1. Check whether at least one residue in the stretch 78-85 is closer than 19 Å to GLU33 by Cβ, surrounded by fewer than 18 Cβ atoms within 10 Å (Cβ to Cβ), without any contact (Cβ under 8 Å) to a residue 40 or more places away in the chain and not β-branched (Val, Ile, Thr), and report yes or no.
2. Of (1) surrounded by fewer than 11 Cβ atoms within 10 Å (Cβ to Cβ); (2) at positive phi; (3) of a type in the set (Asp, Glu), GLU68 satisfies all except one. Which?
3. Out of the stretch 31-49, which residues are more than 23 Å from HIS93 (Cβ to Cβ) and not in a loop (DSSP other than H, G, I, E, B)?
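Computed from the coordinates by the stated procedures, all read-outs in this text should not be read as laboratory data. The structure displayed is predicted, hence computed values, not measured ones. Note: ideal-geometry Cβ built from the backbone for every residue, glycine included; neighbour counts use all protein chains shown.
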Amino acid sequence: MIKADNYLHSETTDRIIACAYEVYNQLGFGFSEKVYENAMMIKLQAKNVPAVQQAPINVLFEGKLIGEYFADILVADKVITELKAVSVLSKAHEVQLVNYLKAAGIRVGLLINFGE
């Protein structure tokens, strides 16, 4: 059995997940993604977790900028946190996060759904 503390950046991801539970327990489901994003930032800041909302991610090809994405929340410069508020997560949501991770050169990401 693998312990949670064996995962890369598990202390950070544990704190993010704890904040997400607090947000969901207070707000429930039904709000837009942006509402949950703003609430997550309030919780993260209250717990002194360094985070950047709508963090820019540049996509480079042969050293040239070819695109730009914005991660919902980048935590401690090492965990991309993508938030959704949908009934069911799709493969497209996973692919979006994987592309963000690849473009940013970051190894850890969380896809958190505040939907039903």
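1. We begin by selecting, within the stretch 78-85, every residue closer than 19 Å to GLU33 by Cβ; these are 79-85.
With surrounded by fewer than 18 Cβ atoms within 10 Å (Cβ to Cβ) added as a condition, the list becomes none.
There is no residue in the stretch 78-85 that is closer than 19 Å to GLU33 by Cβ, surrounded by fewer than 18 Cβ atoms within 10 Å (Cβ to Cβ), without any contact (Cβ under 8 Å) to a residue 40 or more places away in the chain and not β-branched (Val, Ile, Thr).
2. Condition not satisfied by GLU68: (2).
3. Selection gives ILE42, GLN45, ALA46.
Every residue, every condition in (1) among the aliphatic types (A, V, I, L, M); (2) under 26 Å from GLY30 (Cβ atoms); (3) out of contact with any helix residue (DSSP H, G or I) (no Cβ under 7 Å at 6 or more places or on another chain), yes or no:
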{"position": "GLY63", "(1), (2), (3)": "no, no, yes"}
{"position": "ASP72", "(1), (2), (3)": "no, yes, no"}
{"position": "LYS78", "(1), (2), (3)": "no, no, no"}
{"position": "VAL86", "(1), (2), (3)": "yes, yes, yes"}
